[in-house]
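Q: My questions all concern the structure below.
Every number in this text was worked out from the coordinates using simple rules, so none of it is lab data. The structure presented is a predicted model; accordingly, all values stated were derived computationally and were not measured. Neighbour counts run over all protein chains shown; Cβ positions are idealised from the backbone, glycine included.
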Amino acid sequence: MKADFKSGFVTLIGRPNVGKSTLMNHIIGQKIAITSKKPQTTRNRIQTVYTDPERGQIVFLDTPGIHKAKNKLGEYMVNVAESTLKDVDVVLWLVEPTNFIGAGERHIAAQLQKVTVPVILVINKIDTVKREEVLEFIDTYRKIYDFAEIIPASALRGENRDVVIDMIFKYLPYGPMFYEEDTITDQPERQITAELIREKALHALDEEIPHGIAVSIEKMKQRKGQKIMDIEATIICERDSHKGIIIGKSGSMLKKIGSNARFEIEKMLEEKVNLQLWVKVKKDWRDSDILMKNFGYKK
Ligand code: GDP
Ligand code: K
Ligand code: MG
């Protein structure tokens, strides 16, 4: 390890659909086949680790979103996210390319006033706007917070992705390698698989249903002598009417969720996946400690 090796924690924040996962996937690359069985760090669940043997190691933290809490669970999640802000070395905030600063953005900016760590703003999706507009957006965002850096980027096209990494390294402290060089995540493949299915369901479904969704993996087994993973999973929802919507007309919605999820799971595992999805109703599972735990949500 080099003497000027840097390492630290970065939290990725921003509203849903601004491209956080896309940026993360592109930074980590396609090679998400390796998972580490290492113990988790004390306060935070690690999502992904990026290692450049020459420069350093970035540990990206997965936090629930920062938003105005609507209920008790929401409050809890917001508290987790906001306390995490104080424990990281760099905050990476992703926003849409726009001149409109919404209430959500203002709330995040207010929360960030309490932290002293550098905040890097990534104005994402610049492939969707005109070049000359980007300068305006930078000006607009500059007014709401004293950012360490503002980087226009396209996570999807990979534009300025290297700049994002460079800037993170710029602000990271010198430090040791926390995880082995080939560690990409500390989460078991089974859990990532469930999350990928849940994410695809979130993307495909209307607003009110996703909050009541959980995914449980019943089976995840390597087919003997073949590079095929057989996976059986169940999407759990709270109402019969939701079940109907998740399945869709002649199974079309479930098919869509399944094929989108399969595509990503195959990329992660680097092998063919045979995915079978079911939908089950478990009324009020969010009020049941046993079911919550069963679906991977610790209280
Ligand atoms: P997250 O909710 O913040 O994690 O957002 P996702 O990474 O899931 O992205 C939400 C949507 O935005 C997806 O459809 C992405 O393909 C799309 N997206 C993400 N980054 C870009 C980008 O740079 N340009 C464009 N055009 N679309 C993007
Ligand atoms: K999303
Ligand atoms: Mg995401």
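Q: If you rank Arg223, Arg262 by fewest surrounding Cβ atoms within 10 Å, what's the result?
A: Listed from fewest to most nearby Cβ atoms, that is Arg223, Arg262.
Q: In terms of Cα to Cα distance under 17 Å, which aspartates and glutamates are near enough to Lys200, apart from those fewer than 8 places away along the same chain?
A: Glu189, Glu208, Glu232, Glu264, Glu266
Q: Moving to a separate point now. Each label point is 7 Å from the Cα along the Cα-to-Cβ direction; what then is the distance between the points at Lys219 and Glu232, in nm?
A: The two pseudo-label positions are separated by 0.4 nm.
Q: Right, something else. Can you tell me the relative contact order of the range 156-248? Whole percent, Cα pairs under 8 Å, sequence separation 6 or more. Mind dumping the intermediate values first?
A: On the way: 62 pairs, mean separation 18.4, N = 93.
This gives 20 percent for the range 156-248.
Q: With r defined as the distance between the Cβ atoms of Leu135 and Arg157 and R0 fixed at 25 Å, what FRET efficiency is calculated, to the nearest 0.05?
A: On the way: r = 19 Å, r/R0 = 0.76.
Taking R0 as 25 Å, the efficiency between Leu135 and Arg157 is 0.85.
Q: Arrange Tyr50, Tyr179 by Cβ neighbour counts within 10 Å, fewest through most, would you? Intermediate values should be presented prior to the final figure.
A: On the way: Tyr50 20, Tyr179 17.
Result, fewest neighbours first: Tyr179, Tyr50.
Q: Using Cα pairs under 8 angstrom and six or more residues apart, how large is the relative contact order of the range 189-294, in percent? Mind showing how you got there, number by number?
A: Details: 154 pairs, mean separation 30.8, N = 106.
Worked out over the range 189-294, it gives 29 percent.
Q: Relative to the present Cα-Cα distance, how much length would full extension add between Asp4 and Asp52 at 0.36 nm per residue of separation?
A: Values: separation 48, 0.36 × 48 = 17.28 nm, distance 1.23 nm.
In short, 16.1 nm is gained.
Q: Multiplying the sequence separation of Lys114 and Asp240 by 0.36 nm and subtracting their Cα-Cα distance, what value in nm do you get? Walk me through the numbers on the way to the answer.
A: Numbers: separation 126, 0.36 × 126 = 45.36 nm, distance 4.42 nm.
Here the answer is 40.9 nm.
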